[in-house]
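The values are calculated or read from the model by the stated rules, or taken from the named source; none is laboratory data. Please read all numbers here as calculations on a predicted model, not as lab measurements. Backbone-built Cβ (ideal geometry, glycine too); neighbour counts: all protein chains shown. The accessibility values were calculated without ligands, DNA or RNA, using every heavy atom of the protein model including side chains. Shrake-Rupley method; radii C 1.70, N 1.55, O 1.52, S 1.80 Å.
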Amino acid sequence: MLKKITIRLFKTLAKFLVGFILITIIAATLIIKLSGTKHVELPANKLIINDITRLNPVTVSKVIRPTNIAQVSNALRLFKGPISIGGGKFSQGGQTAYPDSLHLDMRSFNQVIELNTEQQWVTVQSGITWRDLQEVIDKHDLSIKIMQTYANFTVGGSLSVNVHGRYIGEGPLVRSVISLKLILADGEVVVASPTQHSELFYGVIGGYGGLAVIAEATLQLVPNIKVERQTSTMAFSDYYQYFKQSIRDNDQVVFHNADIYPPDYNDVRSVNWLKSDKDVTEQARLIPKGKQYGWQPKAADFVADYAIGKWARQHIIDPYMYDEEAVYWRNFEASYDVNELEPSDRSETTYALREYFVPVDNIERFARKMTDIFTKHNANIINVSVRHALPDPGTLLAWAPQEVFAFVIYYRQGTDLISQANVKAWSQEVIDAVISENGSYYLPYQIHATTEQFKKAYPRADQYFALKDKIDPNNRFNNKLWQAHYPKNSDAFSQEKESIPQYYRNEGQTLLTIPEWYLVFNPLEYADFLAAGNNPSNFPFMASIDEYWRLYDQVTHLSEINYPRNEEYLTMLQVIGISTTIEYMYKAAYETTIGRLTHWTANKQPTAEDRIISDAHRAYSDLIFEQAWYEFDFSHWLGKVWLEPDFFGDNFIRKLERKLFFSLEFGFKHLYAGAIKYAAKNSYEASDGNIYMIATSHIPLEASNLYDAKILASKEQQYLLSVPRWGGFSENIPKLANAGVTFNDISGNNAIAVSFITNKQREFIPSLGKLLFKSRQVSQPEVKRVVYLVSVDTLTPFINQLDRNGHQIEHIFDY
Ligand SMILES: Cc1cc2nc3c(=O)[nH]c(=O)nc-3n(C[C@H](O)[C@H](O)[C@H](O)COP(=O)(O)OP(=O)(O)OC[C@H]3O[C@@H](n4cnc5c(N)ncnc54)[C@H](O)[C@@H]3O)c2cc1C
């Protein structure tokens, strides 16, 4: 009998639990669906320069789009800080941007200045794309002599990289350049050619915007002829012999490349375009601009996603595609659009390139080493395209100082930090492998090489840097590539900075921490609400949930259009959002029913238990400004609420109900905190508790009161500082700002989110920074929280402006 009752009891309890969980899931899902905002209209931050991989956001201080030389010269004379230069921005490692720089976006500097059809040359402004140039010269039956496979790139960007294409009997772009018009750091204009200012000519071409702005270029052209495709497949081991016999000295071959098929890398398809007299099979003379590409990006996804995709490409898709007869105009074959590769989404994974150059005789040894590394790291390689280049005539950063084969690697990678670290690991190994074969690697892609590897691959870099010291003595022309390798960017002060393991933080996290901090501000609001003697049943719990999800929607949208997707942080925000939704949902349901009833039984007066609970929430909200919530001593307050007040006494119902309710809430949190603490300690790198920054001060900081900041290194008026994180950061930064300290970079970033509280009636609008959004104080409709994104170098004037207008920083969101 007892057994039966126990079983029945157990079954009822189990049913109750399942029902409870189901109701919780359904109700929380509904509430989350109805909360937040789906209509976020926040524009992309135009001061963030990024490239197509979306992996390299850099905030600059100003962007200009010049259309003539005088505008560039004037800008260089007026702006005293660093200068970065961008063309099509298809380089993939921040080569077009430098923090806080004046960014010259050259894409409107795009006119054809002179076309000589007889002598077959053209002078263009450097921001013109190959595709726009083709539009002009095609009408005169002329073609670009050397360019990349795709036509979206600008002439200036291509010259600064010294690009190559698939042309046989050619090589780096420098081989087709007659002369350049350059603008130096002081605004002076000079002409450079192989015979005039030749060192500048050979430094600027392939010089990645580190020496001067390329204003104009005069380039050789060639006739636009018809070309016919022929392809053949072979074992990779037979390729070099085949190339020497049939391709290298064959003056009928215009374009050639050989695709090696992953994941085995044993077979190759040679694709050759030969001069032809046949009728064209494609009437268009150029691939139309703005064409929509439906299946091509999907096919790349299919090849990247599945082993069978790679097999199908080699055995079905390519044989079918190349079976068709193709006779095109040369310009048609040279006008590919990168949109044919563009995936629908780059947030979680992105496609990127890497390239290695190896002296022709070492092709097989290098290929073996490279493919072993790919296999070892399980790299998701989609294609390896081999091209050929004759030697460079003398650029200082030549990637082809001798005749080489280029291995162009097209691959897919995750955007998360682990995937990025994995790509860095295999990239560095392949760079070692290519250096061991006397080769080099390409510089426009992600900057993974160490400076030692860079120097080995580019042995004339010292000459390049000596030239830079001479013509750009103040190091104006800068970008991420030169930040990594130019010795002047790496003095003792910078080295000290680089040696701090936790110096750099992800800039996008300044936004993502906003909803997380809301779960600090909201408990403070609740503690204030209780301390003011309000009935807890009146606290707007549901509005708090809605506000959390509104902030979540806004910051995820904002960070995704400006920064790489931060999967770990987003997951964490979802987890804390869901648990808060469940907690507040039950609190709201309870407080507005039973809580309200017991409050009424106590004549709407707070009991001793109410006061202890209010103090507990105050202590909790104080702690979470400095520490993780799970560090709070919930059990201490549980003991207090049971032991301190008399058990019986006036308003016994309310007293008992409060004790029970509080025990349920804090008891559950006590257990939950233990689990989260364990998970957090095992999954996140422990923070050293500091934020690091470079600051400038005109009074010697050593002698002054630095609050909690510490000086780690100093140079002239610059200081490398550490400041405690979280609440301490928001307290210390305004004090430093009031002492006249300005900030150059914080955690390697140039933008930071800041909030302050303002009155709805007398709203204050600062003239600095950019308003991101306004957020409700749910219990005080007359005030609101305003969140601004502020450039780090204007943080001090921003804080001072608030001060002058009687406002105070509420919080600085420290990544
Ligand atoms: C899909 C794809 C295919 C590619 N195929 C090839 C290929 O076949 N062959 C090849 O060689 N490369 C190839 N690349 C690499 C490409 O050629 C380079 O990234 C090139 O820089 C792109 O030109 P851009 O206009 O986008 O230059 P950006 O990326 O805008 O700039 C590149 C560099 O040039 C500097 N710069 C730009 N304009 C000027 C200027 N006016 N004056 C001074 N400096 C300037 C910038 O500061 C930067 O350092 C490819 C890249 C992609 C994404």
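Once the C-beta distance of D646 and E568 is scaled by a Förster radius of 56 Å, the resulting FRET efficiency is 0.70 to the nearest 0.05.
Please go through the residue pairs K145/K181; K226/K369; K424/K735; K80/K735 and name each one whose alpha carbons sit more than 30 Å apart in this structure.
Result: K226/K369; K424/K735 exceed 30 Å.
Rolling a 1.4 Å probe over the protein heavy atoms leaves I514 with an accessible area of roughly 10 Å². Rg and Dmax, both from the Cα atoms of the chain and both in Å, are 32.1, 109. Computed with every protein chain present, the accessible area of I418 is close to 120 Å² [probe 1.4 Å].
In terms of accessible area, using a 1.4 Å probe and ignoring ligands and nucleic acids, M572, M106, M1 rank largest first as M1, M572, M106.
For the residue pair Q627 and Y320, what label-to-label distance in nm results when each label sits 7 Å from Cα along the Cα-to-beta-carbon direction? A separation of 6.4 nm, rounded to one decimal place.
Using C-alpha pairs below 8 Å separated by at least 6 residues, the relative contact order for the chain is 12 percent. Would you please give the FRET efficiency between E282 and D361, computed as 1/(1 + (r/R0)^6) with r the Cβ-Cβ distance and R0 = 45 Å, to the nearest 0.05? The pair E282/D361 has a calculated efficiency of 0.75. How would you classify the stretch 317-403 from its alpha-carbon gyration tensor, with a ≥ b ≥ c the square roots of the eigenvalues: rounded for a/c under 1.5, else prolate if a/b is greater than b/c, otherwise oblate? In terms of gyration-tensor shape, oblate. Looking at the stretch 628-667, the chymotrypsin sites (Phe, Trp or Tyr not before Pro) that sit in a DSSP loop and have at most 13 other Cβ atoms within 10 Å of their own Cβ are F647, F648.
Only helical runs count toward this figure. For the chain, summing -39,500 (n - 2.57) over DSSP H runs of n ≥ 4 and dividing by all residues gives -12500 deg cm²/dmol at 222 nm.
Picking from S559, W549, G639, whose Cα lies most toward the positive end of the charge dipole for the stretch 535-664 (charges on Cβ: Lys, Arg +1; Asp, Glu -1)? Looking along the dipole axis, the top candidate is G639.
What accessible area per residue comes out for the chain, rounded to a whole number of Å², with a 1.4 Å probe?
44 Å²
Taking a straight line from the alpha carbon of K774, these lysines sit under 20 Å away, with near neighbours fewer than eight places off in the same chain left out: K38, K760, K784. First check a/c for the stretch 418-517, with a ≥ b ≥ c the square roots of the eigenvalues of its C-alpha gyration tensor; if it is under 1.5, answer rounded, and if not, answer prolate when a/b is larger than b/c or oblate otherwise. Cα axes put the stretch 418-517 in the oblate bin.
All alpha carbon pair distances within the stretch 725-798 were sorted into 10 Å bins beginning at 0; the resulting P(r) in whole percents reads 18, 46, 30, 6. Summing charges over neighbours of P606, with a neighbour being any other residue whose Cβ is under 10 Å away from its Cβ, gives +2 when K and R count +1 and D and E count -1. Could you size up the charge dipole of the stretch 582-726 around its Cα centre, putting +1 on the beta carbon of Lys and Arg and -1 on that of Asp and Glu, and report it in debye to the nearest 20? That gives a dipole near 360 debye. Across the options F90, P797, F465, the greatest Cα extent toward the positive end of the charge dipole of the chain (unit charges at beta carbon of Lys, Arg, Asp, Glu) belongs to P797. Largest accessible area first, the listed residues V136, V268 line up as V136, V268 when surface is computed with a 1.4 Å probe on the assembled protein chains. Bridgeable aspartates and glutamates around K488 (alpha carbons under 16 Å apart, same-chain partners fewer than 8 residues away excluded): E452, D462, D469, D472, E496, E498, E716. Between N68 and A492, residue separation times 0.36 nm minus the direct Cα-Cα distance comes to 148.7 nm.
Principal axis extents of the Cα atoms in the stretch 164-240, from largest to smallest and rounded to whole angstrom, are 55, 30, 19. Which FRET efficiency value, to the nearest 0.05, do you get for D416 and Q605 by plugging their Cβ-Cβ distance into 1/(1 + (r/R0)^6) with R0 = 51 Å? Taking R0 as 51 Å, the efficiency between D416 and Q605 is 0.40. The slack in the chain from E188 to D708, taken as 0.36 nm per residue of separation less the alpha-carbon distance, amounts to 182.5 nm.
Surface composition of the chain: carbon plus sulfur atoms hold 55% of the accessible area, using a 1.4 angstrom probe and ignoring ligands, DNA and RNA. Taking square-rooted eigenvalues a ≥ b ≥ c of the alpha carbon gyration tensor, is the stretch 217-325 rounded, prolate or oblate, where a/c under 1.5 means rounded and, failing that, a/b exceeding b/c means prolate? Oblate is the answer for the stretch 217-325, as a/c is 1.5 or above yet b/c matches or exceeds a/b. Exposure check, 1.4 Å probe, all protein chains in place: D610 carries approximately 20 Å² of accessible surface. Here the label points at Q761 and L30, each 7 Å from Cα along the C-beta direction, are separated by 3.9 nm in the simple model. Protein-only accessible surface at a 1.4 angstrom probe places the residues L142, L638 in the order L638, L142, largest first. A DSSP coil position with no more than 16 other Cβ atoms inside 10 Å describes the following trypsin sites (Lys or Arg not before Pro) in the stretch 720-815: K760, R762. In a DSSP loop and with at most 16 other Cβ atoms within 10 Å, the GluC sites (Glu not before Pro) in the stretch 328-358 are E348.
Cross-link partners of K587 among aspartates and glutamates, defined as those whose alpha carbon lies under 12 angstrom from its own and excluding same-chain residues fewer than eight positions apart: E665. Each label was represented as a point 7 Å from its Cα along the Cα-to-Cβ direction; for D267 and Q780 these points are 7.2 nm apart. Set against the 2.2 N^0.38 Å expectation for a compact globular protein, the stretch 559-666 has a Cα radius of gyration ratio of 1.37. When the Cα atoms of the stretch 1-149 are aligned to their principal axes, the ranges along those axes come out at 109, 43, 27 Å in descending order.
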